[in-house]
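Here is the structure we will look at, set down as structure tokens.
The values are calculated or read from the model by the stated rules, or taken from the named source; none is laboratory data. This one's a predicted model, so the numbers in the text were calculated from it and none came from an experiment. Cβ coordinates were reconstructed from backbone atoms using ideal geometry, including for glycine residues, and neighbour counts include every protein chain displayed.
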Amino acid sequence: MLNRSDDASPYRALEHTGEAGIMTDSSPRTEAPVQIPAFDRSPEFDPKRFASPPAIDRGAPLWSLNGELEVGRLRDQFAVFAEMGLGGLHLHPRTGLTTRYMGDEFLAGIRASVDEAEQRGMHAWLYDEDRWPSGFAGGLATADEGNRLRHLRLSRVRINSGETLPCPTHHGNPLPLATRSFVAAWELTFAEGLLIERRRIAEDEPVAQGRAALYAYLEIPPAWTWFNNTQYVDTLNTTAMRRFIEETHERYYATVGDRFGTVVPAIFTDEPLFRGMDLPQASDDTRDRFLSWTDDLPESYAAEYGEDLLDVLPDVFYDRADGLHCRARWRFHNHHTDRFVAAFAGQLGAWCADHGIALTGHMMAEATLGNQTEWTGETMRSLRHFQLPGIDMLCDSLELTTAKQAQSVARQTGAPGTMSELYGVSNWDFPFEGHKRQGDWQAALGVVLRVHHLTWYQMGGEAKRDYPASIGTHSPWWKRYHLVEDHFARLHAALRSGNPRCRVGMIHPVESYWLVHGPTASFRERQRLEDGFAATLRWMIEDLIDVDLVSEAVLEDLSRDENAGEIQTDGEGHPVFAVGTMSYDAIVVPPVLTMRRTTLERLQRFAAAGGTVFLVDGGPDLIDAETPVRPEDVEGFDAIAWQRSELLAKLEPLRDIRLLTSRQVAASGIVHQQRELPDGGRIVFVARFNDDPNYDLSGAALEIRGSWDVQLLDTAMGTESPHPATTRGGWTSVPLDLPVAGHILLRLLPGAPALAPREIAPQVETGRLPDPVGVELLEDNVLLLDRSEWRLDDGPWQPTTEILTIDNEARRMLGRPPRHGDIAQPWAEPARPHDHRVTVSFTIVVEHETGPVRLALEDASEATIAFDGRPVETVADGEWMDIAFTPVRLGTLEKGEHRLEVSWAFGGSGGLEACYLLGDFGVKVCGTRAVVTAPVRNLTWGDATRQGLAFYGGVIRYRVQTTLPEGDESCVSIAHARGALVDVHWPDGSVTPVFRAPWIARAPESVRGEVELTIDCYGTRINTFGQVHNVAKNYRWWGPKSWRTEGDDWAEEYQLKATGVLVAPRVLRTSDRAGA
């Protein structure tokens, strides 16, 4: 266990003392780097580790603990994850958890999971909350109302005592609230929309004619189901956050603390935040606005700045004619952010350092300056306290700013890298290509731990709508997922070696954004700062000039040690700008409005010593948001226009690497990372994030400054081999093709290239695979039963509609709240009797008689089933998909129309779910009708959903005869398949996976002539469990609400996505052996 320092905090006013929660400047600091044994690192590249990476280099998904935790079942699932190539799991309570959170049975399950991980050489990563956002301990920390989140309601009219008003609630809709307490009131005078005078008044004091009133009331939002009928925590309050640590971290330490830092490397915190800040749009905006608050904020503010926060609070909301709102806003946001950082990340990071475990996870709303201002103040300031800083990348987004913030903090504090929660909200049909592409660009920007969102412990009830896909046995491709994991494990092993090579730093402009976070600040000025942040960063990243962000607060923190602010030099005597463990040859100041005096003085000393400072678009106007900048303050800085070409031209001398297209122009949509090795060599990783298949990067050249012997690191095979290259004009040129989701990983050794490039012979098409094709389904076909007539108890039959609609309509008829994605956890809800019954009646139309079929349904023990009027025993007949489903035997289906009635007990915490008919038959869909047809034995190349497999989500096995021509190389191109991946099985028993461009399966040399090929197309569950009635355009948020769209975004007709091999695969051969 490592001890943290008890030096003064990097932030002012940090330590909570006494019941009032006032902060002093004696808070403990989180020292970095913290050495966690699990994160073993070597400066050398280790070929053995690359060939066979340990568990720490492998991914660790969020394992959704969403049911009744059974020790045996928890242990059994580890075998699955090990076969998938994963290195561990994050033990993450989520919607559906029945076992009492942090109770004895829950902690026994945690202990058993850690034991099983240890026995398998894997890791068990902890998660610090029951769902998210972190901080309320599933309601255990916020049962005491004193620990709950609070805000100020700013109203232009006095609110009567007991008046009920809608109160905003995080993760939910506004709720009625009638209790609040008066805090302050002001009389305001405006002229031309600007505040020219303000004065404090009593609550009942009238204001003069022509002047406006502003009233502030403290509110604590009402209890909400998402927080298990409590509320979110006051993240500005150190006492509240200590309660969170006691209820969570201390309990975990008592349970598995003996494995902290080894089997249990870290604890994950998720989306901590303070209440979003609403601001008036203009001085005459009379809507109520809301401001994040804590009870003792005025006291700690006064201790830091020597003024009463309530006197100046209107300046935070309204622009002043004299410009003094800039100082008020900067001080408020700076202090407010410090309070948040100290209470949450500061305390958690210090506790983790004390207990030999890493704090990992990510903040809320990381990407933009505006989002950070409203939700966390500043992302990097919190991540400073993480031993493994992290990010959240949902919806297959590309947030270079988010990734760079975490990577920069990790580099500057000596952390082993960064973590990413990725693949979330990408839906069932997100393919292996997407997994690789998204993971690659993030690895280039520092991620060494992929935390997949997510895999389910079980999928019953609302759990199946918890942001799929489930990356595990619920997906038919789970046994092939090691293809993805092996690639990333080897990539991470390579990128953990050596030290980062990054020569440019960029000042983070978030503190400037605070100044324009007001009502009348023009959109143009806010957008100038946002673009100046995101675009300037992207220009450098895409042009392969690596850059780190420099937080002014973190810079001040890391410069507190004696001589830390002095100008340092590199090995050749050139000045460098040091930030923690990193040093930069040049600093870019993007468009900003203000700069800390401590930052400016550091830059002045750096420039005076001969260092390079680029001042983009004029530089700051203010120092510490109040003192105007003089020309002599920026003397020696290189002022440049905010233009991509000018900035990149200035940075050209610092370039190490470039990628040129076949037309000899700089490529775009590319990211990279370089690592310097002790032997003078380097690791170079280049990845493509541009997913436009029409952007051609075949025949490209990667050029690296210097002369290098180039070795290719093959992440599929775990091997190292010489790679073709040439040298000219002081650069080494490496030929490569970089298709969508493509990459190249190189090890550079000092010296000349050992292997010259060869001319690559082109491929020509010799034919296409014929159809129809014989097929085999590797699991039962499925008829989705989700539309039915229904009735409540013995009431009248209601018209046919969709099952989730039935569920909520029945609740409405009973006067009960609807079921939705924000429901309370079952463990936190009082037991409710199932005192009613709902009966659904499905009409099944059969055009071709079937063999034996089964019905899979949930809550079978509480159901009665009648098929064509005869009762059906609810005895399990085998298994299907998940333990939540019970398949029962229905027998054969004769041609004609059948009626299936299912009746469930209703009224408790559960709800109605779809049923599934399973068997050897076909299914065709037309509008709202789904009809059982003849079994599927053959398919043509094309959409299988239109050929009898409407709801099928398993593997389609195609068997086809073809001729592979003799010659140097024969291959099959499968460029148009819809599924997670395709496997080509060759007659010699070998298998070639195809899941990304160039979509080629190369035939083994021994396989030529007349052959039978087996092609497995791995489907997804998008048409089985997906949003088959959602027709919303450009929908991205594939969570619980995506199954419950309304109006124009809802269709009764089935909306299916294509699946299978859509176009006949092509047979190719090399055209000319002599050209090889």
Inter-residue pairs, beta-carbon under 7 Å, first more than 19 Å from residue 1026 (Cβ to Cβ) and in the stretch 933-952, second of a type in the set (Gly, Ala, Ser) and assigned to a strand (DSSP E or B), 6+ apart: 933/922; 934/922; 935/922; 936/922; 937/774; 938/774; 939/1060
Which condition does residue 881 not pass, out of (1) touching a His at 6+ places or on another chain (Cβ under 7 Å); (2) part of a strand (DSSP E or B); (3) among the aliphatic types (A, V, I, L, M); (4) under 23 Å from residue 1055 (Cβ atoms), if it passes all the others? (2)
Pair list, Cβ < 9 Å and 6+ apart or interchain, from the stretch 697-715 residues that are in contact (Cβ under 8 Å) with a residue 60 or more places away in the chain to residues that are assigned to a loop (DSSP other than H, G, I, E, B): 713/45
Quick check on the stretch 833-847: of everything there that is charged (D, E, K, R) and more than 16 Å from residue 815 (Cβ to Cβ), which residue is surrounded by the fewest Cβ atoms within 10 Å (Cβ to Cβ)? 847
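Yes/no matrix, rows are residues, columns are (1) touching a strand residue (DSSP E or B) at 6+ places or on another chain (Cβ under 7 Å); (2) within 18 Å of residue 381 (Cβ to Cβ); (3) modelled with pLDDT under 95:
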site: 559; (1), (2), (3): no, yes, yes
site: 572; (1), (2), (3): no, no, yes
site: 576; (1), (2), (3): yes, no, no
site: 586; (1), (2), (3): yes, no, no
site: 604; (1), (2), (3): no, no, no
site: 614; (1), (2), (3): yes, no, no
site: 620; (1), (2), (3): yes, no, no
site: 629; (1), (2), (3): yes, no, no
site: 639; (1), (2), (3): yes, no, no
Index of the failed condition, residue 114 passing every other in (1) in contact with a strand residue (DSSP E or B) (Cβ under 6 Å, 6 or more places away or on another chain); (2) surrounded by fewer than 18 Cβ atoms within 10 Å (Cβ to Cβ); (3) among the aliphatic types (A, V, I, L, M); (4) assigned by TED's automatic domain parsing to the domain that holds residue 246: (2)
Residue 850 vs. criteria under 17 Å from residue 914 (Cα atoms), over 33 Å from the mean Cα position of the chain (by Cα) and either of a type in the set (Val, Ile, Thr) or part of a loop (DSSP other than H, G, I, E, B) (or both): no
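Are any residues in the stretch 719-763 part of a loop (DSSP other than H, G, I, E, B), charged (D, E, K, R) and in contact with a Pro (Cβ under 7 Å, 6 or more places away or on another chain), and if so, which ones? Explain how you work it out, then say what you get.
So the first thing to find is which residues in the stretch 719-763 are part of a loop (DSSP other than H, G, I, E, B), and the list is 723-725, 729-730, 737-742, 751-762.
Filter once more, keeping what is charged (D, E, K, R): 737, 758-759.
Once the filter is applied, which keeps residues that are part of a loop (DSSP other than H, G, I, E, B), charged (D, E, K, R) and in contact with a Pro (Cβ under 7 Å, 6 or more places away or on another chain), the stretch 719-763 yields only 758.
For the stretch 345-365, indicate whether the set of residues that are closer than 30 Å to residue 35 by Cα, aromatic (Phe, Trp, Tyr) and buried (at least 24 other Cβ atoms within 10 Å of the Cβ) is non-empty.
First, pick out the residues of the stretch 345-365 that are closer than 30 Å to residue 35 by Cα: 345-365.
Keeping just the survivors that are aromatic (Phe, Trp, Tyr) gives 351.
Add one more test, that the residue is buried (at least 24 other Cβ atoms within 10 Å of the Cβ), and what stays is none.
Scanning the stretch 345-365, I find no residue that is closer than 30 Å to residue 35 by Cα, aromatic (Phe, Trp, Tyr) and buried (at least 24 other Cβ atoms within 10 Å of the Cβ), so the answer is no.
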Hey, any hits in the stretch 161-171 for a residue that's farther than 18 Å from residue 277 by Cα, without any contact (Cβ under 8 Å) to a residue 12 or more places away in the chain and not hydrophobic (A, V, I, L, M, F, W, C)? yes
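For the stretch 432-543, list the helices (runs of 4 or more DSSP H) that sit wholly inside it and hold at least 3 residues that are modelled with pLDDT under 95; which are they? Even if it seems obvious, please write down each step before you answer.
Working: elements: 432-444, 482-495, 510-513, 523-542.
Counting at least 3 such residues, we get 523-542.
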Scanning for something surrounded by 24 or more Cβ atoms within 10 Å (Cβ to Cβ), charged (D, E, K, R) and under 22 Å from residue 92 (Cα atoms), does the stretch 407-425 turn up at least one residue? yes
Looking only at the stretch 810-824, count how many residues are crowded, with 16+ Cβ neighbours inside 10 Å, modelled with pLDDT of 90 or more and within 18 Å of residue 904 (Cβ to Cβ). 2
Failed condition for residue 964, given (1) modelled with pLDDT under 95; (2) closer than 23 Å to residue 1022 by Cβ; (3) assigned by TED's automatic domain parsing to the domain that holds residue 1005: (2)
Take residue 1030 and tell me if it is among the polar types (S, T, N, Q) and closer than 30 Å to residue 960 by Cβ. no
